[in-house]
Amino acid sequence: MKNVTVVPRKAVVELQGRFRVYVVTADNTVQVRDIQPGPIKGNNQVVESGLERGEQVIVEGLQKVRAGMAVRPALYSDAVAPAPIQET
């Protein structure tokens, strides 16, 4: 396979046969994206459609995030979870 989008398997949420990922936008808010999954390669999931090149997906803390929520993202290798920004 060449030029495919791949995300960590644990970034993909399946609910009633629908697959989705949570994406961090340029203004650090969360969006939900429905995806079409492809084959699984080790700990990675090929994404056939639904994501654009370079988009950041949330891998940790999926139970806490919601669409529209502001987050403070970190690189996956360093990430514990995307931290919600507290309103003051």
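The values are calculated or read from the model by the stated rules, or taken from the named source; none is laboratory data. Quantities reported herein were computed from a predicted structural model and do not represent experimental measurements. Every residue, glycine as well, gets a Cβ built from its backbone with ideal geometry; the counts of neighbours run over all protein chains shown.
Observations on the structure shown:
- Residues of the range 1-24 that are in contact (Cβ under 8 Å) with a residue 12 or more places away in the chain, more than 12 Å from residue 45 (Cα to Cα) and more than 15 Å from the chain's Cα centre (by Cα): 1 alone.
- The requirement of being modelled with pLDDT of 95 or more and within 10 Å of the chain's Cα centre (by Cα) is fulfilled somewhere in the range 32-40, by at least one residue.
- Selection from the range 48-65 of residues that are among the acidic types (Asp, Glu) and loosely packed, with under 12 Cβ neighbours inside 10 Å: 52
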